[in-house]
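Colleague: This structure is in structure tokens; I'll ask about it shortly.
Just so it is clear, none of the values below were taken in a lab; they were calculated from the coordinates. Because the structure is predicted, anything quoted here is derived from the model rather than measured. Neighbour counts run over all protein chains shown; Cβ positions are idealised from the backbone, glycine included.
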């Protein structure tokens with residue numbers, strides 16, 4: 001077993017999770033595949049969303065996968081970085097919007 | 001930025017035997033990944049046999065004005081291998097009797113062969129259905145003597161197929177060299193000006209997309225629509241079809257994969273994307289490739305690996321259609337490049 005928590009080659013083994021629970025694993029991969037098909041959003045748009053979310057959930061496997069997926073789709077690095085910023089803005093916004101609670105509490109407790 | 005071919009640099013990969021050795025070792029030797037022959041055996045497609053000859057692809061020389069990072073030919077200004085008029089005449093004699101509907105001239109930059117125009121003129125007289133010239137575009141703007149190429153192509157109703165790795169300057173220049181994007185745009189404008197690539201025009205202008213890195217091409221249709229949109233809005237350029245071609249792990253692309261530590265992952269990507277449906281239509285089943293010195297190969301890639309056709313007939317001088325149709329196609333692990341995803345050929349996807 002590897003001495004580090006993340007091994008890039010583990011991404012290739014993702015499909016193996018069905019070996020320990022075929023039903024749930026299978027349902028997950030069916031769902032996953034369906035989600036990324038062309039729909040009301042293009043597969044290209046979904047790839048950029050996935051890339052942004054990959055950063056927000058800080059998943060190195062997903063970042064590798066969706067950077068490569070973006071390259072395959074001809075997505076530019078400018079588009080990729082803008083997508084990451086969109087994710088980062090929501091994440092930092094989610095932190096900052098809590099400061100309203102801080103402000104409320106501060107005001108309530110102060111004379 | 002590459003300036004010299006592997007051959008000129010005396011790189012070990014200029015030796016085709018070394019390349020074939022690498023392609024059979026590592027993950028394929030340990031059995032981590034199945035060999036291409038094993039995949040064909042599973043599909044009961046081994047050995048791979050040709051069907052009817054439809055395309056004769058002639059490589060008129062390895063000389064090129066560009067030194068692209070991914071080039072499977074290892075072409076460049078320092079390559080001196082050029083087809084002579086005598087070999088061209090032998091090719092013309094063969095074209096007359098093969099019945100192949102497509103004649104496909106490639107290189108290097110085919111236009112740099114001093115007898116290129118003579119060959120085109122003579123071959124046009126034979127009357128093949130589809131006469132392709134693979135032009136790298138920048139040659140058209142490289143020197144005054146090439147400026148009239150769009151008119152020359154038009155006169156002979158040539159089907160022009162040109163390389164364009166991306167609709168942005170950065171990616172194009174990184175793969176093909178500084179200034180290539182600007183020159184390519186100018187050349188495309190010149191081709192459009194004489195009618196090439198315009199909607200409804202019989203003057204066919206198609207683009208070839210090769211990924212600029214260690215990844216596979218995405219969906220050909222989606223890429224075509226992105227290319228069309230961007231080239232029209234940014235440069236007012238039009239073209240007909242986009243062919244997406246997978247980079248095969250040979251020659252300079254193999255060198256890049258190894259140097260960038262991407263080789264193993266790339267081979268995994270190719271094997272994981274193996275598509276049995278693509279095997280049915282791989283181009284080596286309907287194509288023959290002729291080298292500058294008249295040798296025959298199953299495809300341009302096998303030519304660059306020095307894998308001559310496995311037949312009693314190996315040279316254009318003793319071309320025999322029946323003997324060649326009975327041959328067994330030479331394969332190695334590079335063939336995974338033509339069977340990944342939607343498949344890949346000089347005419348784009350195959351499924």
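Colleague: For region B:176-316, what is one quarter of the convex hull surface built on the Cα atoms, given in nm²?
Modeller: 11.4
Colleague: Could you give the radius of gyration (one decimal) and Dmax (whole number) of the Cα atoms in region B:80-230, in Å?
Modeller: Cα-based Rg and Dmax for region B:80-230 come out at 16.1, 46 Å.
Colleague: Taking every residue in A:70-81, how many Cβ atoms of other protein chains lie within 10 Å of its Cβ, on average?
Modeller: Per residue, the average neighbour count from other chains is 5.
Colleague: I need the peptides B:170-176, B:152-158, B:136-142, A:96-102 ranked by packing, meaning the mean over residues of other C-beta atoms within 10 angstrom, with the highest value on top.
Modeller: Order by mean packing, descending: B:136-142, B:170-176, B:152-158, A:96-102.
Colleague: Averaged across the residues of B:220-230, what count of C-beta atoms belonging to other chains lies within 10 Å of each residue's C-beta?
Modeller: 2
Colleague: Moving on. What are the extents of the Cα atoms of chain A along their three principal axes, listed from largest to smallest and rounded to whole Å?
Modeller: Sorted largest first, the three principal extents are 62, 35, 31 Å.
Colleague: Neighbouring Cβ atoms within 10 Å as the yardstick, rank B:53, B:103, A:109 fewest first.
Modeller: A:109, B:53, B:103
Colleague: Can you report the principal axis dimensions of region B:255-351 using only the alpha carbons, biggest first, rounded to whole angstrom?
Modeller: Over region B:255-351, Cα extents along the principal axes are 43, 31, 20 Å.
Colleague: May I ask for the Kirkwood hydrodynamic radius of region B:9-168, worked out over all distinct Cα pairs and given in angstroms to one decimal?
Modeller: Taking every pair of different Cα atoms in region B:9-168, averaging 1/r and inverting gives 18.2 Å.
Colleague: For helix A:60-72, what angle does its Cα long axis make with the longest principal axis of chain A, in degrees from 0 to 90 and rounded to 10?
Modeller: 70
Colleague: Out of every Cα-Cα pair in region B:1-45, what percent are more than 16 Å apart?
Modeller: Taking all Cα-Cα pairs of region B:1-45, the fraction more than 16 Å apart is 56 percent.
Colleague: Another question, if that's okay. Any idea what angle helix A:99-109 forms with the longest principal axis of chain A, computed on alpha-carbon atoms, 0 to 90 degrees, nearest 10?
Modeller: 30
Colleague: Of all the C-alpha pairs in region B:207-251, what % are more than 17 Å from each other?
Modeller: Roughly 36 percent, rounded to a whole number.
Colleague: To continue, here is another question. If you build the Cα gyration tensor of the protein assembly as shown and take the root of 5 times each eigenvalue, what three semi-axes come out, in whole angstrom, biggest first?
Modeller: Whole-Å semi-axes of the equivalent ellipsoid: 44, 28, 20.
Colleague: Just rank B:271, A:57, fewest to most, by other beta-carbon atoms within 10 angstrom.
Modeller: The most exposed by this proxy come first: A:57, B:271.
Colleague: Continuing with the same structure: Return the calculated 222 nm mean residue ellipticity for the protein assembly as shown, to the nearest 500 deg cm²/dmol, obtained by summing -39500 (n - 2.57) across DSSP H runs with n ≥ 4 and dividing by the residue count.
Modeller: Roughly -13000 deg cm²/dmol at 222 nm, from the helical runs in the protein assembly as shown.
Colleague: Which Rg and Dmax, in Å, describe the Cα atoms of region B:12-339?
Modeller: 19.3, 55
Colleague: Please report how far the C-alpha centroid of region B:293-308 lies from that of region A:3-61, rounded to the nearest whole angstrom.
Modeller: If you average the Cα positions of each part, the centres end up 41 Å apart.
Colleague: Using alpha-carbon pairs under 8 Å, 6+ residues apart, how would you state the relative contact order of chain B in percent?
Modeller: 22
Colleague: For region B:228-351, calculate the relative contact order in percent as a whole number, restricting contacts to Cα pairs under 8 Å that are 6 or more residues apart.
Modeller: 33
Colleague: If eta is 0.692 mPa s and T is 37 °C, what Stokes-Einstein diffusion coefficient results for region A:46-109, Kirkwood Rh from Cα pairs, in µm²/s?
Modeller: Rounded, D is 252 µm²/s.
Colleague: Once both axes come from the Cα atoms, what is the angle between helix A:77-97 and the longest principal axis of chain A, in degrees from 0 to 90, rounded to 10?
Modeller: It works out to around 40 degrees.
Colleague: Could I ask something else about it? Sequence gap at least 6, Cα distance under 8 Å: using those rules, report the relative contact order of region A:46-109 to the nearest whole percent.
Modeller: Relative contact order for region A:46-109 comes out at 37 percent.
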